[in-house]
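Each remark here refers to the structure printed beneath this line.
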Amino acid sequence: MLRVMYRFRKVLNKLTSNITRKDENSEQYMYIDEYRRISKGKDAKKLLSSRKDNIYLGKNGIAEINLDRWAEAQRYEERSWMSKSGLSICEDRNSQHKKNFDSYSFIKDKEFNNAIEIGCGPFTNIRDIYKYCNISNITLLDPLINRYIHHPHCAYSKQYIYNTRVKLDDRPIEQFSLRHDEPKFDLVIVINVLEHCYSFDKFCERILSILANKGIFIFNDKLLSLSQIQHYSQNLFDSGHPLRVADERILDFLKNNFQSIYENFNSVDTPVGEINTIYFAGMLKS
Ligand SMILES: C[S@@+](CC[C@H](N)C(=O)[O-])C[C@H]1O[C@@H](n2cnc3c(N)ncnc32)[C@H](O)[C@@H]1O
């Protein structure tokens, strides 16, 4: 079902205006540096001649990058939120995510003992999710969390989400593990994070290791086909979004490990055009 819905979405996008049409025009070259400066056309082509992410390209797309490349992406991310203009922002499309998840109706009134939001950013999605279900313990994980806590609109600046005290963790998901005396999570939230990480294999392995039996996984990211990723890795450099895992691999991970309880295929407008996205929730298969 997951793949059928996605293929339908892809056909629909092709029929209207989609990324492939934009790729054919003169703006096919784009270079976005870590200071968020965008170059297009000839200027971008010149910059791309000395710097591309195609060195990381494999059969699963760009599924792993080195830590220097990741650190650059994190500098981009920190500047996005913790520089002058970023400091006045109150959300990172969180209301759009809520809408695309149908106000998290699939977990309405459910009880969760232990929830974690991975790559929570300064604003979090759990502050929305919290309103629709009952969560006793919250962990927020983000490598930039100790910086975000100083953001004027940080959702957890006092280390509370509403009246629940939160535990903060600044490890990347690839390095996160639980001590043997710590309980697993019955709710794991990862929204708009995967393309910022550095290893898809470690990401998957860590998610599966921290989820409790029948735990719920809420996931959103972009879906790009392998050929789109191959095309991008030649014509586009996007400093802040280094990981580009092929859609089929992401769907395999979800289908093989989770019993689906919510699926919504959508799209997001980006500097390079409209890109498919997935909004998924599933229960860990036993
Ligand atoms: C685009 S922001 C999204 C924030 C939040 N999920 C939201 O929707 O508001 C991506 C976040 O992922 C975090 N991130 C980057 N690499 C990560 C990693 N390896 N593990 C966990 N989080 C990571 C970044 O620091 C950044 O805050």
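Which residues does the label zone of Leu208 cover in the range 241-256, counting backbone N under 16 Å from a point 7 Å along Cα→Cβ?
Backbone N within reach: 249-256.
Give me, ordered by chain and number, the residues 5 or more places off Asp186 or on other chains with an amide H under 5 Å from its own placed amide H.
Hits under the 5 Å cutoff: Asn113, Asn114, Ala212.
What nm distance separates the two modelled labels at Arg171 and Lys131, each placed 7 Å from Cα along Cα→Cβ?
3.3 nm
What is the gain in length, in nm to one decimal, between Lys158 and Asp201 on full extension, counting 0.36 nm per residue of separation less the C-alpha to C-alpha distance?
Length difference between fully extended and current span is 12.1 nm.
Compute the convex hull volume of the Cα atoms of the range 159-264, divide it by the residue count, and report the result per residue in Å³ as a whole number.
141 Å³
With the cut-off at 1.5 for a/c, could you classify the range 200-245 from its C-alpha gyration tensor as rounded, prolate or oblate?
prolate
Post the alpha-carbon centroid distance, the range 49-91 to the range 156-186, in whole angstrom.
The two parts, judged by their Cα centres, are 24 Å apart.
Hey, fewest Cβ within 10 Å first, where do Cys204, Cys120, Cys154 land in order?
Ranked by crowding around the Cβ, least crowded first: Cys154, Cys204, Cys120.
Give the shape of the range 88-166 as rounded, prolate or oblate, defined through the alpha-carbon gyration tensor: a ≥ b ≥ c are the square roots of its eigenvalues, a/c under 1.5 means rounded, and otherwise the shape is prolate if a/b is larger than b/c and oblate if not.
It comes out oblate by the Cα gyration axes.
When the chain is modelled as a GNM with alpha-carbon springs shorter than 10 Å, which of Val245, Val268, Val193 fluctuates the most?
Val268
Compactness ratio of the chain: Cα Rg over 2.2 N^0.38 Å, N = residue count?
0.99
Using the structure shown, list the pairs from Lys42/Lys202; Lys10/Lys59; Lys59/Lys255; Lys108/Lys255 with a Cα-Cα distance above 28 Å, or answer none.
The pairs that break the limit, which is 28 Å between Cα atoms, are Lys42/Lys202.
Kindly put His151, His180 in sequence by how many other C-beta atoms sit within 10 Å of each C-beta, fewest to most.
His180, His151
What span do the alpha-carbon atoms of the range 12-171 cover on each of the three principal axes, reported in whole Å from largest to smallest?
Rounded to whole Å, the extents work out to 53, 38, 34 Å.
Counting helices only, and only those DSSP H runs with n ≥ 4, report the 222 nm mean residue ellipticity of the chain as the sum of -39,500 (n - 2.57) divided by its residues, in deg cm²/dmol to the nearest 500.
-9000 deg cm²/dmol, from helical runs alone.
Apply 1/(1 + (r/R0)^6) to the Cβ-Cβ distance of Arg179 and Ser83, taking R0 = 22 Å, and write down the FRET efficiency to the nearest 0.05.
According to the calculation, E is roughly 0.05.
Each reported figure results from applying straightforward, stated rules to the coordinates on display, with no laboratory input. None of these values were measured; they are calculated from a predicted model. Please note: Cβ atoms are built from the backbone with ideal geometry, for glycine as well, and neighbour counts cover all protein chains shown.
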